[in-house]
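Report on one structure; see the data block that follows.
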Amino acid sequence: MGSASAGLVSIFSNGYRSLSAPVSSWRTLASSSLYKHYKRNSKSAVFSCLSSSKIELSCLSSKVDVAQTTTTSVNGYFSYHKYDRLLPCPSENGPPRVEHLVVSEGGPVLEYICKSLDLPPLFVADLIHFGAVYYALVCPQPPPSATPEQIRIFKEVTAPSVLSKRTSIKGKTVREAQKTFRITHVEQFVEAGTYLRVHVHPKRFPRCYEIDWKSRIIAVTDSYVVLDKPAGTSVGGTSDNIEESCATFASRALGFSTPLKTTHQIDNCTEGCVVLARTKEYCSIFHGKIREKKVKKLYLALTAAPVPIGIITHYMRPINVAPRLVSEDFIKGWYLCKLEVMECKEVPWPDPVIQQKYCIEDSEWPSKDRAYECKINLLTGRTHQVRAQLAACGAPIVGDSMYMPAAIAEMANPGLNPFGKYKKYTTESDKEMAVTKWFARFGKEPKVAIGLQACQISWDDG
């Protein structure tokens, strides 16, 4: 392989109370230390996150969801010591570092990565444990940004004369051999020519170690677990971190040997009801219920301005990039977004203590005397849908540092939003420029919590 054979080759650069009385026996207070095991024979189910009788999502204060780090162990499952080896943590994150490599000499993957990236074995072992290391038998196509040298190396290691000598890819198409899989063991053997992708700085969720996970369990059956997800955590993990997730920590808290499986998602900065499957079969069943629109989700949103009662409709741009842009007008190919605002009432703005506790960001909203608690029935389930739609209505969610700055900008300069009521562009080139400027008005993803709670989930006409 010439220069490519000298070690490693870098390829690319770097709660709400239930609406029906019978449900009360089916829930536990998320803030209690009690854990109850429920079984139900009927097909219907409704689960709610509870707050005090004052319905205190409005100030995010009634939830006692941050416990001291546990230092004792019960059956080996409940000792959550702070894990701080894989730095930086999210509060200190710089640009992500991802290394793309080609193995020049076969051997154990941990040994190879340590030598090639000059990283200590414990660090690399942690990366593998977190699910931050991937492999493919054949190097994937370089991106358009690849340098001539990177393209040269790719052509060299994927030349037909080279691939024909590798027995591991016989019977596979090149496309099949380029599919990536997680490395699952530090001693996993990687042969010469194998592609490796190493997420050196995975996204971290240190709040996982601060949560009393047993107190967040709402219900357990033979098929599923309902969890009151804390803000600042990921439901099922990310592409570079499957260790620090709700599914992993809830499984340990319950003493399950088989990890729970994700059936649906809510944003990291959102808290509330999520359903985790205990089996692959029920995971498929619940996905089917979602497709058949048998799952109903109610949210409580704390907005900075009042929202009209009734159904709100937008269309979301079909690009998987945050922030999600929505239009009041129909645009071909854009996704339909519908939600129903069932209630909207005035409440106090969260006090400074609550804002500090949940890392709720100011975002410079002009008036902070009062907020508005809205009960929302989610009719379609798009990523960031509630956040994007409410912000487009001029009522962003309190603490939503991504969508609130754009809403403030539109308030100060009506027509800035190229997809709003007062859009000003006249030509397609003007529109493109307006979209670029509008996109730049949004902020960064919230650090921990926003005023949004998935307060109730039900299915099968429950």
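The values are calculated or read from the model by the stated rules, or taken from the named source; none is laboratory data. The structure displayed is predicted, hence computed values, not measured ones. Here the Cβ positions follow ideal geometry from the backbone for every residue, glycine too, while neighbour counts run over all protein chains shown. Ligands, DNA and RNA are excluded from the accessible area calculation, which covers all protein heavy atoms including side chains. Shrake-Rupley method; radii C 1.70, N 1.55, O 1.52, S 1.80 Å.
The candidates 149, 243, arranged from most to least accessible area with a 1.4 Å probe in the full protein assembly, appear as 149, 243. Solvent-accessible surface (1.4 Å probe) assigned to residue 307 amounts to roughly 10 Å². Each Lys and Arg Cβ is given +1 and each Asp and Glu Cβ -1; about its Cα centre, the stretch 295-461 then shows a dipole of about 320 debye. The GluC sites (Glu not before Pro) found in the stretch 183-225 that occupy coil by DSSP, while having at most 16 further C-beta atoms within 10 Å, are 187, 191.
Using a Förster distance of 25 Å, how high is the FRET efficiency between residue 257 and residue 122, based on the Cβ-Cβ distance and rounded to 0.05? Walk me through the numbers on the way to the answer.
Values: r = 26 Å, r/R0 = 1.03.
Calculated value: 0.45.
One Cα centroid belongs to the stretch 335-363, the other to the stretch 149-164; the line between them spans 53 Å. Bridgeable lysines around residue 345 (alpha carbons under 21 Å apart, same-chain partners fewer than 8 residues away excluded): 54, 63, 297, 368, 375. This model, with +1 at the C-beta of Lys and Arg and -1 at the C-beta of Asp and Glu, gives the stretch 175-237 a dipole about its Cα centre of some 280 debye.
With the charge dipole of the stretch 203-292 set up from +1 on Lys and Arg Cβ and -1 on Asp and Glu Cβ about the Cα centre, the Cα lying farthest toward the positive end among the listed residues 213, 231, 269 is that of 213.
Averaging over all projection directions, the Cα-based convex hull of the stretch 97-201 occupies 6.6 nm² in the image plane. Can you list the residues of the stretch 105-136 with backbone N under 14 Å from a point 7 Å past the Cα of residue 97, pointing along Cα to Cβ? Residues 114-121, 123-124, 127 fall inside that zone.
For the stretch 97-201, which whole percent of the accessible surface, found with a 1.4 angstrom probe, sits on carbon and sulfur atoms?
Details: 3160 of 5410 Å².
Exposed carbon and sulfur together represent 58 percent of the surface.
Computed on the stretch 342-392, with alpha-carbon pairs under 8 angstrom and 6+ residues apart, the relative contact order is 49 percent. Each label point was placed 7 Å from the Cα along the Cα-to-Cβ direction; for residue 192 and residue 357 their separation is 6.1 nm. Once each part is reduced to its C-alpha centroid, what is the distance from the stretch 392-462 to the stretch 216-273 in angstrom? Spelled out, the Cα-based centre of one part sits 28 Å from the other.
In the stretch 280-334, a dipole from Cβ-located charges (positive for Lys and Arg, negative for Asp and Glu) runs towards its positive end, and of 299, 288, 327 it is 288 whose Cα lies farthest in that direction.
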